[in-house]
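**Student:** Sending over a structure as C-alpha cells; questions will come in a sec.
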Amino acid sequence: MKIALIIENSQAAKNAIVHEALTSVAEPLGHQVFNYGMYSPEDKASLTYVMNGLLTGILLNSGAADFVVTGCGTGMGSMLAANAMPGVFCGLVIDPTDAFLFSQINDGNAISMPYSKGFGWAAELNLQDCYRKIFENEGGAGYPKERAEIMRTNRGILRGLKEASCRDMLTVLKSVDQGLLKAAIAGEKFAELFYPNAKDQAIADYLRSL
C-alpha cells in the first residue's frame with residue numbers, strides 16, 4: 001500500500017517525528033510511505049489544513065496514494081477538509097482505540113491526527129500504536145465481528161451518498177480556486193512523488209498544465 005503523509009504549516013516542525021513513527025510501523029509491514037511535507041516551518045511552500053484536504057483528494061482520486069495520514073493542531077480541520085473531497089473517507093484518530101475502530105468499522109482511506117492538542121511526552125509512542133492498529137490488520141473486518149456484514153452494508157450506502165453529493169475530482173480541480181490549488185501542489189517534492197505514481201492521467205495532465 002502507498003501511504004502519503006501530509007502536514008500543514010502550524011505543525012511542520014513535527015514532520016520528522018511523525019514521519020519516523022509512521023515509517024517505523026508501516027515499512028516493516030510492506031507498505032511504502034511518501035512524505036509530501038511540509039518538512040519544516042521554513043518551507044517555501046506552505047500548506048494550510050484546507051490544502052491538506054485538497055491534496056488528500058488529489059492523491060487518493062489519482063491513485064498516487066492508497067491511504068493518507070494527515071493532521072493539524074487538533075486534527076479536526078484537516079479531517080473536515082479531507083471529507084469535503086470526493087472518494088475520501090477520513091477519520092479523526094487520537095488514540096489507538098480510535099485507530100482500531102475506524103479501521104475495523106469504517107475502513108476509510110485517510111486519517112487526521114492532532115499534532116498539537118495532547119501531543120506531549122511519549123507522543124511518538126501513541127503515533128506508532130495508532131499506525132499499528134491501522135496498518136497491521138485487515139480493514140473492514142468489523143467490531144464486534146458479528147456486526148461485520150451490516151457495517152459493510154453501511155459503508156456501501158455511505159459511498160453511494162458520497163458519490164451523489166460530490167462532483168468528480170477533475171471537476172473539483174477545475175472549479176476550485178486555482179490559486180489555492182497551485183499552492184496545495186507547490187511542495188518541493190510534489191512532482192517527484194506524485195507524477196510517477198498517479199494512475200489517473202486526466203488529473204495528472206491537468207495539474208501539469210498549471
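**Student:** Please state, rounded to one decimal and in Å, the Kirkwood hydrodynamic radius that the chain gives when every pair of distinct Cα atoms enters the mean of 1/r.
**Tutor:** Final number for the Kirkwood radius of the chain is 17.1 Å.
**Student:** For the pair Lys44/Glu20, report the inter-label distance in nm, with labels modelled 7 Å from Cα in the Cβ direction.
**Tutor:** 2.8
**Student:** Right, here's the next one. Keeping every protein chain present and rolling a 1.4 Å probe, give me the accessible area per residue for the stretch 74-164 in Å².
**Tutor:** Spelled out: the 1.4 Å probe surface of the stretch 74-164, per residue, equals 52 Å².
**Student:** Next up: Glu146 versus Ser175, label points 7 Å from Cα toward the beta carbon: distance in nm?
**Tutor:** 4.4
**Student:** What are the ³J(HN,Hα) values, in whole Hz, obtained from phi via the Karplus relation 6.51 cos²θ - 1.76 cosθ + 1.60 with θ = phi - 60°, for each residue of the stretch 170-187 in sequence order, with x given for Gly and Pro?
**Tutor:** 5, 5, 4, 4, 6, 9, 5, 3, 5, x, 4, 5, 4, 5, 5, 10, 8, x
**Student:** Can you sort Val69, Val172 by 1.4 Å-probe accessible area, starting with the largest?
**Tutor:** Values: Val69 0, Val172 25 Å².
Largest accessible area first, the residues go Val172, Val69.
**Student:** Can you tell me what the convex hull of the Cα atoms of the stretch 1-85 projects to on average, as an area in nm²? Show your work: numbers first, answer last.
**Tutor:** Working: hull surface 20.1 nm².
For the stretch 1-85, averaging the hull's shadow over all directions gives 5.0 nm².
**Student:** When the label point is put 7 Å from the Cα of Ser116 along its Cα-to-beta-carbon vector, which residues of the stretch 38-76 have a backbone N closer than 18 Å?
**Tutor:** 38-43, 46-53, 70-76
**Student:** Oh, and also: Considering only protein heavy atoms, with the full assembly of protein chains and a 1.4 angstrom probe, order Met51, Met76 by accessible area, largest first.
**Tutor:** I get Met76, Met51, largest accessible area first.
**Student:** Hey, how much of the P(r) for the stretch 87-138 falls beyond 13 Å, as a percent of Cα pairs?
**Tutor:** For the stretch 87-138, the share of Cα pairs beyond 13 Å comes to 53 percent.
**Student:** Something else about it: Output the peptides 92-99, 188-195, 117-124 sorted from most to least packed, where packing is the average of other Cβ atoms within 10 Å over each peptide's residues.
**Tutor:** Values: 92-99: 18.4, 188-195: 15.6, 117-124: 12.0.
Final packing ranking: 92-99, 188-195, 117-124.
**Student:** Shifting gears a bit: Expressed as a whole percentage, what fraction of the accessible surface of the stretch 81-210 belongs to carbon and sulfur atoms when a 1.4 Å probe is rolled over the protein heavy atoms?
**Tutor:** That fraction is 52 percent.
**Student:** Under a 5 Å amide H to amide H cut-off, with H placed in plane at 1.01 Å, what residues pair with Asn35 once short-range neighbours are removed?
**Tutor:** Leu5
The values are calculated or read from the model by the stated rules, or taken from the named source; none is laboratory data. Only a predicted model underlies this, so the values are computations on that prediction, with no experimental measurement involved. All Cβ positions, even for glycine, are placed from backbone atoms using ideal geometry, and neighbour counts span all protein chains on display. When the accessible area is computed, the model is the full protein with side chains, heavy atoms only, and any ligands, DNA or RNA have been set aside. Shrake-Rupley method; radii C 1.70, N 1.55, O 1.52, S 1.80 Å.
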